[in-house]
Amino acid sequence: MAEPSSPAELASGELDSAQDRLAGALERARAGEDRELAAVVRDEGHQLVRLLFGLLRMTRVHAVDNEAFEKPLVELRATIEQLVGLLGVVHCFAVEDQVYVNDVRIRFQDRAEGGAELGGELRRLGIGGLSWHAVPEVEHLRLLVRGFAKPPVGAVSRQALQLQLASAGADNVELHGLFRFRVSGEEEKVEAQDSRLVARRATSVVDETWDSLIGNRVPNPLPLRRAVTEILHMGPGLDGLWQDPRGASAFGGHTLRVCRYALFLASGCGLSDEAIQDLGLAAMFHDVGYAAHEGAQPAHGKDPGHPGYPPPYERHAGAGARVLLRQRGFHEAKIRRALAALEHHRDFNDPRGKPSIFARILRIAEDFDNLVRRKGGRMTPAASLRAMAAGAGVRYDPVLLQVFVNVMGAWPPGSLMELADRRIVRSISTARSPETWSRPLCRVEVDDNGTRYLQDQPLLDLAQGGSVVREIVEH
Amino acid sequence: MLRFGMADKLLQGGEPAEIGRPTVPPLAGDGGAVVASTEGAAGGVAGGAAEIAESREEFLLREEAAVGGTDLARRINAGLRSLARSARSFLLYDPRNEAIRLFLDQYRSDMMGAIQAATSGGVTAEGVELVVRPFELVWNGEIVYLERDRERSLAFRMFRDGVRRLTIQRQVEWDELLRLLQILSIRFTGVRQQEEDIVTLLWKAGFKHIDIVAVEGFTPEDDEADDEPVAAGHMVGLGEEELRQPRGRDEAGHGAAAFIDAPLDFDLPIPPPLALARIAPVPVPPADLEAIQQEATSRALPELSVRLVREMLALVADPHDPTDWNDISYLIEEVRDFLLSEGQLEPLTSLVSDVEALRGSDPERVDTILHGFVDGRALRRIVRSIPAAHTRPPPELLWLLDRLPGNHLDHALAVLAEERSPAARRIGRQVVVRLLSRDPEKVLRHIASDEASVAADLLRAFAEALPARTLAGVDAAAGRNEPDVLFEALRVLERLESSPEVADALVRLLDTDVEEVRLRTLEQVAGRRSGRLYARVLETLQRRAHGTMTAVEAEAYGHTLIVLDRNHAALTFEEWIRPRSLFKRVFHDPIGHNWLQWAAVSGMGLVPGEDADKMIRWLAERAGSELAQHCMKTLARRRRERPNG
């Protein structure tokens, strides 16, 4: 092809190239989404809203066990089944006089169809919207609709109705309250981000995600992705992030630590921002397999059912992938994290083949934390690194492990050391440079005259002086 | 997933009264029909005004209100409107459509112009900083974007996802603006929007010259304590005081009926400990890091996707694992569609093999899954993904067609009917050739009834696949009157040896309504030089001379008849030019005789000798002016072509 000879030709060529790149990116981002998908969602969403509104309206004049409810309930179930098949989880929200099904606005030919009024009906119980994470039984829909009848038949509040549904085994329908945007004070909140707050929020979201998955709901990666983005934005190595957030569960704390070790490792390898964010999210989800229920029996009539039990260690990885794959829609991040969940305990030289890159990173991060934590190996951070080094090439990717060693330093954060001058210090930084690899930033916990600092511990940069004589084993 | 604004009316500080266009009921469903805009740009008339209806295309492409009290503000407004319009246009057009190109051009010009103007005049030295409100974007205290319809509004999309400030710096590059458009377009058009939002996408983009400030800002309207675990699906903006209470694992404290904490022994047992080794900081070779980085790029995605499916299939096959087909069938479909859209046929065939290997566990399910690999949709995607320079179907496609059951011929016929690009049609046709023998009669029916260019392709495929039955294809085509089909019929006939059946087909083509086809048929007939055809061509001429005929056609007949049988033709022509019977010479002028004479003159023009000259000259002296001219031209040509002048 001839080179462009004029500015106009050059600009035209640039525009062609821009359109090509944009088209490729959009096609990949929307892989699996036919242009017809939105139209189908609109049509089925229309049907869903019409039926739902009709049923709720009927509760004002008919008893819920009236035969008149039967056909629309069956139709409603069929419609939800269609939508769940397409979308995985169906959200239906009423906002003022507008109704949305999974972000697609549903429009109506006339008001009698219920678009504008659905919000009003839902608001009777303080409900802003509903989400179905699986196809409901007709009986569960009947129970839902019954909740809108006048008390004592109906429920008195959204919470009460949610409890009724849960008790009946309808744990895949979620009732949302009415929400508003937080506007006041948010600027100040953004400016004054506290790393401890970020950490606590992150573990809180992990715990909330756990609760959601326990309820057989579809994973929602967005809140965790936001948490990862926050951590990355602040810098994963911030001092406040190394301590377990107050109130965090053991599981939440472990998840957050694994995430941060993984982020460090990924950064040390020079992965792109995109990959690092996706990896952080994969780390947040890596052990969700324990949220899967094996042997669960749903409640049925008088039979209360059984909640099931978490899978054993051998199956939690596969269970994790299974849970993550409840989310519909093709996305590179989803594929990678499902694979990472599945493979993250595999050896580097596994006969089934080298695990994926995310899995290999998580293996290192996970084993490191498991070796250190109290319920795990109870080793010191430094000893953990040395123990892992012995597994390079067999258990662990040798390149990744070396990067991890380079990044974490001789005294990874959390290491408790005694210095030559008898001070007891705790490392709070990773390796800041090859030159200071074994001289991290620390906080003094006990000074040279035996004074113990419980708060406002002074900082000490070992790069400026001080030498470690021994590592202190705490557990 | 509570990512969009609900109950905006509850915003603190109140929301300016909405000035919207009146609600109009749409006339039909979504497919290109009328929609109602219940929130229009500011300046519209509220309530009581005449109803306004617009198509979905108009609705999406209608520009927002032009706002801005200063020249700079108006320029920024123009840039933002271009951005919003471009992002919305992907809801209507294929990304490679020419219309998109025009929008891109406008966006580039408007936005770059706005940034330069705003940062060069000393007003905003470093960049354009926009405050994001629910329906407005504000610059320097001035509203520079306003759109209240949630479905159309750029500001609303950003606000909903938590963006509160967007700053575009002076040094912003076109690539970054393009990426910004890409991110917003994804959020406008995607349906399964669970993975990312604008904030996380913007962060991932790693912009050097575009900054954002974002919050997460949803709170329950009722601030009463809620015993339920807060629904995952939104970021709760928890403050310090709200986090002070430790998250108790009191089983009575949570509303869910079935609550299970993570097991205390999660991730245990740890791997058996190894002897401690020495560690030291060792630089990692750049090549090793490069290899690691490559694994994390999107290039690895096809292989990773197939691998995930393979691993999950292994779990399905494991009798000790509870994973079943229900857990992975959607994954298989999604990976299949991804590979199809990317034209990744080799991994696709691997995927098929992996799924097939488990047929024994649930044959019906597996067959249903496999059907989706070569149904009409899949075939279309594959055909579209093949580069234009490729002239043959890829072997992987043929492998799929041979291996998997299904109505492949029907799907291939549909693809051929729908695809317009020459490359896609070429591949489609070759696929039909491969499959045609499964149901030739069906293809014949399509030849007789499909749109002309499609029918022509099918005829060509038919002749290629079943040469022995070419005439059946020609027969199916001959009843049509479209040039495309008929020319194709002639082309395939040309390859056949002369026979009575071929003769029949050719003669049949002499009766089409398309003159050009008739002319080419005569050419082909002449080329065959088969005396067998003489009588039938003669009969056709005599019949058609009474209807519409042109001089060109009459000439062609004359030439053809002489070529087929000079002696008989010459005698016939002589009779037409100068009947022996005096009565006929004087009185007989049947309708159509003029064209017969014309043909005769043309035919005799090819017969050497003085007798032919005399005959033509004789007619020239007696014929009407046009025929006489034809005679004179023929004589002149004969003189020129005669050796020795």
Exercise for the section: Tell me, please, whether a residue that is touching a residue at least 40 places away in the same chain (Cβ under 8 Å) and β-branched (V, I, T) can be found in region B:287-310. Expected result: yes
Exercise for the section: Could you grab me the full set of residues in region A:78-90 that are away from chain B (no Cβ under 14 Å) and surrounded by 20 or more Cβ atoms within 10 Å (Cβ to Cβ)? Expected result: A:T79, A:I80
Exercise for the section: Report yes if some residue within region B:145-165 is farther than 25 Å from A:Q98 by Cα, within 11 Å of another protein chain (Cβ to nearest Cβ) and not in a helix (DSSP H, G or I); otherwise report no. Expected result: yes
Problem - Check on B:L351, facing chain A (nearest Cβ under 10 Å), crowded, with 17+ Cβ neighbours inside 10 Å and closer than 23 Å to B:L397 by Cα - result: no
Handout entry: Among the candidates B:A50, B:A66, residue that is modelled with pLDDT under 50 and not in a helix (DSSP H, G or I)
Key = B:A50
Completion exercise
Reported set for region A:384-412 where residues are at the interface with another protein chain (Cβ under 8 Å from one of its Cβ atoms), small (G, A, S) and in a helix (DSSP H, G or I) is A:A387, A:A389
Fill in the blank from the handout: Of all helices (runs of 4 or more DSSP H) fully inside region B:168-252, the set with 1 or more residues that are more than 7 Å from chain A (Cβ to nearest Cβ) and at pLDDT 70 or above is B:174-189, B:198-205
Exercise for the section: Filter region A:98-120 for residues that are at pLDDT below 75, of a type outside the set (K, R) and out of contact with any strand residue (DSSP E or B) (no Cβ under 6 Å at 6 or more places or on another chain) and give the result. Expected result: A:Q109, A:D110, A:A112, A:E113, A:G114, A:A116
Practice task
For residues that are touching a helix residue (DSSP H, G or I) at 6+ places or on another chain (Cβ under 6 Å) and within 7 Å of another protein chain (Cβ to nearest Cβ), scanning just region B:319-330, find the one that is farthest from B:V352 (Cα to Cα).
Solution key: B:D321
Fill in the blank from the handout: For helices (runs of 4 or more DSSP H) lying entirely in region B:501-610, having 1 or more residues that are in contact (Cβ under 8 Å) with a residue 12 or more places away in the chain and of a type outside the set (S, T, Y) picks out B:515-528, B:534-544, B:551-564, B:566-577, B:593-604
Completion exercise
Those residues of region A:340-353 that are at the interface with another protein chain (Cβ under 9 Å from one of its Cβ atoms) and in a helix (DSSP H, G or I) come to a total of 2
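Among the residues of region B:317-325, is there at least one that is out of contact with any Ser or Thr (no Cβ under 7 Å at 6 or more places or on another chain), aliphatic (A, V, I, L, M) and either under 28 Å from B:A412 (Cβ atoms) or part of a helix (DSSP H, G or I) (or both)? Step through it out loud before you land on a result.
First pass over region B:317-325, keeping only residues out of contact with any Ser or Thr (no Cβ under 7 Å at 6 or more places or on another chain): B:318-325.
From what's left, aliphatic (A, V, I, L, M): none.
There is no residue in region B:317-325 that is out of contact with any Ser or Thr (no Cβ under 7 Å at 6 or more places or on another chain), aliphatic (A, V, I, L, M) and either under 28 Å from B:A412 (Cβ atoms) or part of a helix (DSSP H, G or I) (or both).
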Handout entry: Exclusive hit being within 9 Å of chain B (Cβ to nearest Cβ) and not aromatic (F, W, Y), set A:G301, A:G329, A:G289, A:G280
Key = A:G329
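Got a sec? Which of B:V306, B:V284 is farther than 28 Å from A:N370 by Cα and at pLDDT 80 or above?
Details: B:V284 fails: farther than 28 Å from A:N370 by Cα.
It is B:V306.
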Fill in the blank from the handout: When every residue in region B:84-109 that is surrounded by 21 or more Cβ atoms within 10 Å (Cβ to Cβ) and among the charged types (D, E, K, R) is compared, the one farthest from the other protein chains (Cβ to nearest Cβ) is B:R88
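B:A296: small (G, A, S), surrounded by fewer than 16 Cβ atoms within 10 Å (Cβ to Cβ) and at the interface with chain A (Cβ under 8 Å from one of its Cβ atoms), yes or no? Outline the logic, then answer.
Working: small (G, A, S): yes; surrounded by fewer than 16 Cβ atoms within 10 Å (Cβ to Cβ): no; at the interface with chain A (Cβ under 8 Å from one of its Cβ atoms): yes.
The answer is no for B:A296.
Please determine whether any residue of region A:34-55 is in a helix (DSSP H, G or I), modelled with pLDDT under 80 and either surrounded by 20 or more Cβ atoms within 10 Å (Cβ to Cβ) or at the interface with chain B (Cβ under 7 Å from one of its Cβ atoms) (or both). Explain how you work it out, then say what you get.
At the first step, the residues of region A:34-55 found to be in a helix (DSSP H, G or I) are A:35-55.
Adding the requirement that they be modelled with pLDDT under 80 leaves A:35-38.
Narrowing the set further to residues that are either surrounded by 20 or more Cβ atoms within 10 Å (Cβ to Cβ) or at the interface with chain B (Cβ under 7 Å from one of its Cβ atoms) (or both) leaves A:37-38.
The answer is yes; a qualifying residue exists.
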Problem - Out of B:F338, B:F373, sole residue that is in a loop (DSSP other than H, G, I, E, B) and crowded, with 19+ Cβ neighbours inside 10 Å - result: B:F373
Handout entry: Test: A:A365 is farther than 21 Å from B:P322 by Cβ, over 15 Å from the mean Cα position of the chain (by Cα) and of a type in the set (A, V, I, L, M)
Key = yes
Handout entry: Where A:F93 falls short, out of the listed (1) in contact (Cβ under 8 Å) with a residue 60 or more places away in the chain; (2) more than 10 Å from chain B (Cβ to nearest Cβ); (3) out of contact with any helix residue (DSSP H, G or I) (no Cβ under 6 Å at 6 or more places or on another chain)
Key = (2)
Practice task
Note down all Cβ pairs under 6 Å where the first residue falls in region B:141-152 and is over 14 Å from B:R85 (Cα atoms), the second is among the polar types (S, T, N, Q) and modelled with pLDDT of 90 or more, and they're at least six residues apart or on different chains.
Solution key: B:V144/B:N77
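Tell me yes or no: at least one residue of region B:428-442 is over 23 Å from the mean Cα position of the chain (by Cα) and either of a type in the set (V, I, T) or assigned to a loop (DSSP other than H, G, I, E, B) (or both).
Kept after step one, since they are over 23 Å from the mean Cα position of the chain (by Cα), are these residues of region B:428-442: B:434-442.
When the remaining residues are screened for being either of a type in the set (V, I, T) or assigned to a loop (DSSP other than H, G, I, E, B) (or both), the result is B:439.
Yes; the residues of region B:428-442 include at least one that is over 23 Å from the mean Cα position of the chain (by Cα) and either of a type in the set (V, I, T) or assigned to a loop (DSSP other than H, G, I, E, B) (or both).
Find the residue count for region A:251-274, including only residues that are part of a helix (DSSP H, G or I) and surrounded by fewer than 24 Cβ atoms within 10 Å (Cβ to Cβ).
So in region A:251-274, the residues part of a helix (DSSP H, G or I) come out as A:251-269, A:273-274.
Then keep just the ones that are surrounded by fewer than 24 Cβ atoms within 10 Å (Cβ to Cβ); that gives A:251, A:253, A:264, A:267-268, A:273-274.
Looking only at that region, the number is 7.
Conditions tested, residue by residue: (1) crowded, with 18+ Cβ neighbours inside 10 Å; (2) in contact with a Ser or Thr (Cβ under 8 Å, 6 or more places away or on another chain); (3) not polar (S, T, N, Q).
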| residue | (1), (2), (3) |
| --- | --- |
| A:P413 | yes, yes, yes |
| A:E435 | no, no, yes |
| A:V444 | yes, no, yes |
| A:D456 | no, no, yes |
Completion exercise
Every listed condition ((1) more than 10 Å from every other protein chain (Cβ to nearest Cβ); (2) at pLDDT 85 or above; (3) in a loop (DSSP other than H, G, I, E, B)) holds for A:V64 save (2)
Fill in the blank from the handout: Quick count over region A:354-383, residues being surrounded by fewer than 24 Cβ atoms within 10 Å (Cβ to Cβ), assigned to a helix (DSSP H, G or I) and small (G, A, S), is 1
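The values are calculated or read from the model by the stated rules, or taken from the named source; none is laboratory data. Since the model is a prediction, treat every value here as computed from it, not as a measurement. Don't worry about glycine lacking a Cβ; one is built from the backbone with ideal geometry, like all the others, and counts go over all protein chains shown.
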